[in-house]
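Chemist: Below you'll find the structure I mean.
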Amino acid sequence: MKHLVLLVAVVFSIAITAQAPLAAELKIEGGAPAIEKIINPIKESFEKSTGIKITAVASGPKVALMNLEAGKIDVAMGPSQEDWLKFMAKEGAAVKDPSVFSMTVVGEDKIVSIVNPSNPLASLSKDQLKGIYTGKIDNWKAVGGPDSPILVVVGKLIMPAVNIYFGKILDGEPPLKDVMEVATAQEVRGSVAANAESIGIVSAKIVDASVKAPEGPVIPIIFTFASVKSPSADVKKLLEFIQAKK
């Protein structure tokens, strides 16, 4: 009899578990700065208040928008709509019909250049930065620094932000190609912190004591929340939650 009762209890438990609805999930991809500054800070509180799980991956704005269009994710995060579409075209993934997306500005940031703390330079002018990032200036001595070669560090997953920065600094000239490539803004910061000769471009919000941001041009950037034109109720909840936290 005890065995029968136990068997019934186990079957009943399995049946209840099978009938329990799976927790809703929102898949989000985008540029590392947007994920880091917009999604990550609200992730825990959003999940607790709604029961909706967030899975966020810094795949870069290009991959994110392509995956959103393909229906593989729910939300893509990137720069302003204008800059995003220009970036997609430049990367050979031009959006044929932008009207299929709903894009909403959800935040902003500032982009700056950073150097190693050992670098004695207190400031870098637009012309000096232009020379560095085009490769015309390849030694710190040329801008008042030590006699050492300049190492430019670039984050592949934050290229839209980098391109916006270059657009304001380089006056249409092509950027230097001989650079050290890493992935995220955090990796740019880490590489600059580890290399005395380096310089990189990151969000002003992630500048810490491991690096130094010389006085100079500060370039604004916009963060955009993209979904399909008629998003799900869960996507709408997320957008409203982000907007309420602004």
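Chemist: Which value, in debye to the nearest 20, describes the size of the charge dipole of segment 110-221 about its Cα centre when Lys and Arg Cβ atoms bear +1, Asp and Glu Cβ atoms bear -1, and nothing else is charged? Intermediate values should be presented prior to the final figure.
Modeler: Values: 11 positive and 11 negative charges, 56 e Å.
Using only the charged Cβ atoms, the result is roughly 280 debye.
Chemist: Among [x] 68; [y] 56; [z] 53, only one was calculated for this model; which label is it, if the read-out is percent of Cα pairs over 24 Å apart?
Modeler: Given [x] 68; [y] 56; [z] 53, the calculated one carries the label [z].
Chemist: Okay, moving on. Quick one: which residues, 5 or more positions from Glu25 or on another chain, have an amide H under 5 Å from its amide H? H modelled 1.01 Å from N in the peptide plane, none for Pro or chain starts.
Modeler: Here the answer is Lys53, since their amide H atoms fall under 5 Å of that of Glu25.
Chemist: Something else about it: Relative to the longest principal Cα axis of the chain, at what angle does helix 40-50 sit, 0 to 90 degrees, rounded to 10?
Modeler: 20 degrees
Chemist: Here's another thing I want to ask about it. How large is the charge dipole for the chain, taken about the Cα centre, if only the Cβ atoms of Lys, Arg (+1) and Asp, Glu (-1) carry charge, to the nearest 20 debye? Can you show the working numbers first?
Modeler: Values: 27 positive and 26 negative charges, 118 e Å.
It comes to approximately 560 debye.
Chemist: Give me the extension gain from Ser210 to Asp171: residue separation times 0.36 nm, minus the current Cα-Cα distance, reported in nm with one decimal. Mind dumping the intermediate values first?
Modeler: Details: separation 39, 0.36 × 39 = 14.04 nm, distance 3.03 nm.
Contour length minus the Cα-Cα distance gives 11.0 nm.
Chemist: Then there's this: For the Cα atoms of the chain, what angle does the longest principal axis make with the long axis of helix 2-19, in degrees from 0 to 90, nearest 10?
Modeler: For helix 2-19, the angle is close to 50 degrees.
Chemist: Using θ = phi - 60° and the Karplus curve 6.51 cos²θ - 1.76 cosθ + 1.60, what whole-Hz ³J(HN,Hα) does each residue of segment 216-221 get, with Gly and Pro shown as x?
Modeler: The phi angles translate into x, x, 10, 9, x, 9 Hz.
Chemist: On to the next question. Efficiency by 1/(1 + (r/R0)^6): what FRET value for Ser99 and Ala142, r their Cβ-Cβ distance, R0 = 45 Å, to the nearest 0.05? Display every interim value, and only then the final one.
Modeler: Details: r = 48 Å, r/R0 = 1.07.
It comes out at approximately 0.40.
Chemist: Here is a follow-up. Where does segment 78-198 land on Rg/Rh, using Cα atoms and the Kirkwood Rh?
Modeler: Values: Rg = 16.1 Å, Rh = 15.8 Å.
Ratio value, two decimals: 1.02.
Chemist: In this model, which of Lys96/Lys237; Lys96/Lys177; Lys62/Lys168; Lys96/Lys136 are farther than 32 Å apart at the alpha-carbon? Working shown, then result.
Modeler: Values: Lys96/Lys237 28 Å; Lys96/Lys177 29 Å; Lys62/Lys168 21 Å; Lys96/Lys136 37 Å.
In this structure, Lys96/Lys136 lie more than 32 Å apart at Cα.
Chemist: For the chain, with the dipole built from +1 on Lys and Arg beta-carbon atoms and -1 on Asp and Glu ones, taken about the Cα centre, which of Ile28, Gly216, Ala233 lies farthest toward the positive end?
Modeler: Ala233
Chemist: Compute the acute angle (0 to 90°) between the alpha-carbon long axis of helix 159-169 and the principal axis of greatest extent of the alpha-carbon atoms of the chain; round to the nearest 10°.
Modeler: The helix 159-169 is inclined about 30 degrees to the chain.
Chemist: Considering only DSSP states other than H, G, I, E and B, which trypsin sites (Lys or Arg not before Pro) in segment 27-133 qualify as loop sites with at most 16 other Cβ atoms within 10 Å? Write out the running numbers ahead of the final one.
Modeler: Details: sites: Lys27, Lys37, Lys43, Lys48, Lys53, Lys62, Lys72, Lys86, Lys90, Lys96, Lys110, Lys126, Lys130; in loops: Lys72, Lys96.
The qualifying sites are Lys72, Lys96.
Chemist: Multiply the residue separation of Val57 and Val218 by 0.36 nm, subtract the distance between their alpha-carbon atoms, and state the gained length in nm to one decimal.
Modeler: Details: separation 161, 0.36 × 161 = 57.96 nm, distance 2.70 nm.
Residue separation times 0.36 nm, minus the Cα-Cα distance, leaves 55.3 nm.
Chemist: Along segment 125-135, what does the Karplus equation 6.51 cos²θ - 1.76 cosθ + 1.60 (θ = phi - 60°) give for ³J(HN,Hα), rounded to whole Hz, x for Gly and Pro?
Modeler: 7, 4, 5, 5, 5, 4, x, 5, 7, 9, x
Chemist: Find how much the distance from Glu47 to Asp178 grows on full extension, using 0.36 nm per residue of separation minus their present alpha carbon separation; answer in nm with one decimal.
Modeler: In short, 42.9 nm is gained.
Chemist: What is the set of long-range amide H partners of Ile221 at a cut-off below 5 Å, with H atoms built 1.01 Å from backbone N?
Modeler: Those lying under 5 Å, H to H, from Ile221 are Asp109, Lys110, Ile111.
Chemist: Then there is this: How far apart, in nanometres, would the label points at Lys236 and Ala194 be if each is projected 7 angstrom from Cα along the Cα-to-Cβ direction?
Modeler: 4.7 nm
Just so you know, all these numbers are worked out from the coordinates, no wet-lab data involved. Because the structure is predicted, anything quoted here is derived from the model rather than measured. All Cβ positions, even for glycine, are placed from backbone atoms using ideal geometry, and neighbour counts span all protein chains on display.
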